[in-house]
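A short write-up of the structure that comes next.
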Amino acid sequence: MYEVRRGDYCYKIAQDNGISYDQLLRQNPGLSCVNLQVGQSICLIPQSPSWDDWKGNSGWNDWNNNAGARNLDSCRPYVVKEGDLCSRIAAANGLTFSELVDLNENTPNWNETPAMSLSVYFQACKSMLGYFIGGKMLPSWDMEIQVFCDVVRHRNKQLFPESSDKTIDDIDYDKIHEGFAARPMPPSKLSIDVGVYCAHNITVSDCNLNPDWLPGIGVAEDPLRSLIEQDTTNTSASRQIPGELLACWSACAVHGIHRNSHERALEMRPLADTEKIVLCLHGGSYVTGSPASHREVLGKLTERAKLRCFIIDYRLAPKHPFPAQLHDAFIAFQYLVNCGFKPHNIVLAGDSAGGHLCINLVLLLRHIAKATDKQLMPAGVMLFSPLPGIVLHGASLHANTSFDYICPTPLEWPTSPLRLFYKPGKIYNDEYRQEICDPLLTPAFGDLSEFPPTIIQSGSSEILIDDIRELYEKLKLDNPEHGRILWEEYPEMVHVFHRFLRRPESQAAFDSLAKFIASL
């Protein structure tokens, strides 16, 4: 018999005593966390396993309760079915709840399907229990943000496992890329009450870079020439960049377009000579993300700002490393110009890696403008928790790891997302360290003058906050005009907190972005 103590709950009692949750409930009919009372006596003698418990797991016997003698390496894969619970899966497969967790806690598998993400499911359950029993990690947090951060942090540790340059030749980067492609960021929906969207593909040959503009651009010059050549020599089929044009009803109303005749709002041309449009470059550590993953957040932004938005599905690392993303971003900007939008009516927006890409695009446009004597600078830039660069050294990288959902991954790891982005497969040596100080990779090391009006929004509890502050200070130093560079830090918020649409901080951030756009 076991006497219930303060702080106990059913899952914990079962796990601590080496039996499955189902066995605990079978021996104690009517037992639940709801009616559990301090001092209550409950039975902990497991029943003999049923045939289902034994099937396919010969020699695994919960009845003997000898977990130390089990051959856990021989476990077979299990595909999660609708309605499954961790406790039931453990019991049906001859495992204790604790063993099930241990087997699935930190197992990187680049080809893992969503159906096999059992450890993520467990982490969500664990986080919810922690929220109700242990309380909030930060005073202003609700369960949504706490569980999201716990689960995504856990998942990121699997996606970017520790690695070493000693075994870099054994890393299959194609397999890594396929793994990310098989597990894209979940798509988000744009409510019909907010607006509509449609696909628009860019034909690269119509708006490619001119290699004559590239001398002096830095580490991107030679690889950009190579990318341009690949596009121009492939005469059989011109490459296409997928994109989506999003039109919210508030933007349609500005131009006299009604819901029952919104087709004109989805045409890729200005609705008026002075119409501004947002060009969005999505985040995702340069290895994941898409227009679909950002629809809901962009819908909220454009609804407040009363603007249309164009977001592209740029090429992703490690199959397409730097500067493929910058190449695609420039083509998208040129595509909007070719469609009739004036450069000074285009507003750039990007979150995380997309924010880093926005800065890169401004530096490239500034370089081309000087080489061609053309006016190419955008109206403004909106950066949401931007990746400050490849070189990161802020104390918050480690101080905020318990809160933020993104994890610090040292550059010494060849599977770090930043190593996957820049020259995957190259040893991290002195030459590499020198290259990543290039302004297109770490902007704070370069000249950021002549920047368009910019607003940066970040959370005080994200791991990048110290380096984001440094980026802001550099932008402010190089552009001292009052009000040109703005920065807003939201207390206790994490990386790209805008995704938590119901949070008051997100609402305030979107309102501020709308005011910024109105001031341009």
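Candidates in the stretch 155-185 are the residues that are more than 14 Å from the chain's Cα centre (by Cα) and in a loop (DSSP other than H, G, I, E, B); of these, the one that is nearest to Y405 (Cα to Cα) is P161. Of the numbered criteria (1) in a helix (DSSP H, G or I); (2) open to solvent by less than 50 Å² (accessible area, probe 1.4 Å); (3) farther than 20 Å from A353 by Cα, the one H294 fails is (3).
Filter the stretch 330-378 down to the residues that are part of a loop (DSSP other than H, G, I, E, B) and under 16 Å from I455 (Cα atoms), then identify the one that is most open to solvent (accessible area, probe 1.4 Å). Quick ask: steps written out before the conclusion?
Step one: of the stretch 330-378, the residues part of a loop (DSSP other than H, G, I, E, B) are 339-342, 352, 373-378.
When the remaining residues are screened for being under 16 Å from I455 (Cα atoms), the result is 352, 377-378.
Working: S352: 19, M377: 34, P378: 8 Å².
Looking at residues that are part of a loop (DSSP other than H, G, I, E, B) and under 16 Å from I455 (Cα atoms), I get M377.
Condition check for I456 on (1) touching a helix residue (DSSP H, G or I) at 6+ places or on another chain (Cβ under 6 Å); (2) open to solvent by 40 Å² or more (accessible area, probe 1.4 Å): one failure, at (2).
The set of residues in the stretch 379-407 that are more than 22 Å from N360 (Cα to Cα) and open to solvent by 40 Å² or more (accessible area, probe 1.4 Å) comprises A395, H398, A399, T401, S402, F403. Taking the stretch 511-520 as the range and being of a type outside the set (G, A, S) and surrounded by 15 or more Cβ atoms within 10 Å (Cβ to Cβ) as the test, the residues that pass are L513, F516, I517.
Across the stretch 479-510, the number of residues qualifying as open to solvent by less than 70 Å² (accessible area, probe 1.4 Å) and assigned to a helix (DSSP H, G or I) comes to 8. Which of the residues belonging to the stretch 201-230 are more than 30 Å from A272 (Cα to Cα) and open to solvent by less than 30 Å² (accessible area, probe 1.4 Å)? Residues satisfying the conditions are L214, I217, A220, L224, L227, I228. With respect to the conditions (1) open to solvent by less than 10 Å² (accessible area, probe 1.4 Å); (2) under 23 Å from F341 (Cβ atoms), P270 falls short on a single one, namely (1). Checking each residue in the stretch 210-260 for being in contact with a Leu (Cβ under 7 Å, 6 or more places away or on another chain) and not β-branched (V, I, T) picks out L214, G218, A220, E221, L224, R225, L245, L246, A247, A251, H255. Mind checking which residues of the stretch 419-441 are of a type in the set (V, I, T) and crowded, with 19+ Cβ neighbours inside 10 Å? Within the stretch 419-441, I436 is the sole residue that qualifies.
Please work out if D102 is modelled with pLDDT under 65 and either surrounded by 14 or more Cβ atoms within 10 Å (Cβ to Cβ) or in a helix (DSSP H, G or I) (or both). Spell out how you get there, then give the answer.
On the way: modelled with pLDDT under 65: yes; either surrounded by 14 or more Cβ atoms within 10 Å (Cβ to Cβ) or in a helix (DSSP H, G or I) (or both): yes.
Answer is yes for this residue.
Remark: pairs (first residue in the stretch 285-305, on the phi > 0 side of the Ramachandran plot; second residue of a type in the set (F, W, Y); Cβ separation under 6 Å; 6+ apart in sequence or on different chains) = Y286/F421. Taken together, S396, S352 contain a single residue that is closer than 30 Å to P139 by Cα and touching a strand residue (DSSP E or B) at 6+ places or on another chain (Cβ under 9 Å), which is S352. Does the stretch 76-98 contain any residue that is at pLDDT 55 or above, open to solvent by 60 Å² or more (accessible area, probe 1.4 Å) and in a helix (DSSP H, G or I)? Yes, some residue in the stretch 76-98 is at pLDDT 55 or above, open to solvent by 60 Å² or more (accessible area, probe 1.4 Å) and in a helix (DSSP H, G or I).
Only one of the numbered conditions (1) within 20 Å of Q457 (Cβ to Cβ); (2) crowded, with 24+ Cβ neighbours inside 10 Å is not met by R304, and that is (2).
The values are calculated or read from the model by the stated rules, or taken from the named source; none is laboratory data. Because the structure is a prediction, the values reported are computed rather than measured. Because the Cβ atoms are built from the backbone with ideal geometry, glycine has one as well, and the counts that use them run over all protein chains shown. Quick note on the areas: whole protein, heavy atoms, side chains included, nothing else; ligands and nucleic acids left out. Shrake-Rupley method; radii C 1.70, N 1.55, O 1.52, S 1.80 Å.
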